[in-house]
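Below is one structure, written out as structure tokens, with a few remarks after it.
The values are calculated or read from the model by the stated rules, or taken from the named source; none is laboratory data. Being a predicted model, the structure only gives us computed values, none of them experimental. Positions of Cβ are backbone-derived with ideal geometry, glycine not excepted, and every protein chain shown enters the neighbour counts. We work out accessible area using only protein heavy atoms, side chains counted, and drop any ligands, DNA or RNA first. Shrake-Rupley method; radii C 1.70, N 1.55, O 1.52, S 1.80 Å.
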Amino acid sequence: MCGWLFTPVGFLSLITYNQNDNTINLIHKPTGTVFSNNMEMSNETTKRADQLKFSGRILFLTEDTALIRQQLEADAEPARALESELTQRLLNDDLPLMSNISTDEITPGWVCFYYDETLGQYVYVGMRDAAVKKDEV
């Protein structure tokens with residue numbers, strides 16, 4: 001079995017599955033790199049962890065874009081204090097979050113001309129009121 005895969009950043013890859021040895025291969029067409037996952041296939045499921053832990057900061061996409069700017073500009077202890085405050089407000093249902101976020105706010109169309117790590121420099125640059133600038137996220 002095989003199939004074509006278009007990844008989010010536009011790379012074309014071929015996926016193959018060999019039933020004889022349960023091998024899944026992902027062939028990255030632009031570079032010819034082969035990623036192989038030789039794994040035992042079964043119908044058993046494993047239990048997921050009850051909690052996930054993330055490192056780094058949380059960016060609350062609030063209705064108030066000035067508050068987004070404040071989060072991005074805060075550093076060290078002020079950033080931790082603001083994150084704690086916003087978490088409490090969110091838990092108390094007292095933090096209006098941004099709604100109707102368009103895909104152009106997340107990644108404007110012109111950014112999609114980039115297909116390498118440059119794409120990551122422009123996350124949320126289309127946000128209303130220019131709340132996020134290049135390389136801030």
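Out of the residues in region 57-94 that are among the β-branched types (V, I, T) and either modelled with pLDDT of 95 or more or open to solvent by less than 60 Å² (accessible area, probe 1.4 Å) (or both), state the one that is nearest to D135 (Cα to Cα). Talk me through it step by step, then tell me what you get.
Filtering region 57-94 down to residues among the β-branched types (V, I, T) leaves 58, 62, 65, 68, 87.
Subset that is either modelled with pLDDT of 95 or more or open to solvent by less than 60 Å² (accessible area, probe 1.4 Å) (or both): 62, 65, 68, 87.
Numbers: T62: 19, T65: 17, I68: 15, T87: 24 Å.
In this case the residue turns out to be I68.
Right, F54: modelled with pLDDT under 85 and either closer than 21 Å to V132 by Cα or surrounded by 10 or more Cβ atoms within 10 Å (Cβ to Cβ) (or both) or not?
Details: modelled with pLDDT under 85: yes; either closer than 21 Å to V132 by Cα or surrounded by 10 or more Cβ atoms within 10 Å (Cβ to Cβ) (or both): no.
No.
What are the residues in region 98-137 that are hydrophobic (A, V, I, L, M, F, W, C), open to solvent by 80 Å² or more (accessible area, probe 1.4 Å) and either in contact (Cβ under 8 Å) with a residue 60 or more places away in the chain or touching a strand residue (DSSP E or B) at 6+ places or on another chain (Cβ under 7 Å) (or both), if any? Break it down stepwise before answering.
In the first step, residues of region 98-137 are kept if they are hydrophobic (A, V, I, L, M, F, W, C); the result is 98, 101, 106, 110-113, 119, 123, 125, 127, 130-132, 137.
Then keep just the ones that are open to solvent by 80 Å² or more (accessible area, probe 1.4 Å); that gives 110, 112-113, 137.
If the condition is that a residue be hydrophobic (A, V, I, L, M, F, W, C), open to solvent by 80 Å² or more (accessible area, probe 1.4 Å) and either in contact (Cβ under 8 Å) with a residue 60 or more places away in the chain or touching a strand residue (DSSP E or B) at 6+ places or on another chain (Cβ under 7 Å) (or both), then C112, V137 are the ones that fit.
For region 62-78, which positions are within 14 Å of V137 (Cα to Cα) and free of Cβ contacts under 8 Å to residues at least 60 places away in the same chain?
Initially, region 62-78 is screened for residues within 14 Å of V137 (Cα to Cα), giving 68-75.
Q70, Q71, E73, A74, D75, listed by residue number.
Give region 79-112 a look and list any residue that's assigned to a loop (DSSP other than H, G, I, E, B) and under 18 Å from E136 (Cα atoms), or say none.
Filtering region 79-112 for residues assigned to a loop (DSSP other than H, G, I, E, B) gives 92-96, 98-102, 107-108.
Residues satisfying the conditions are T107, P108.
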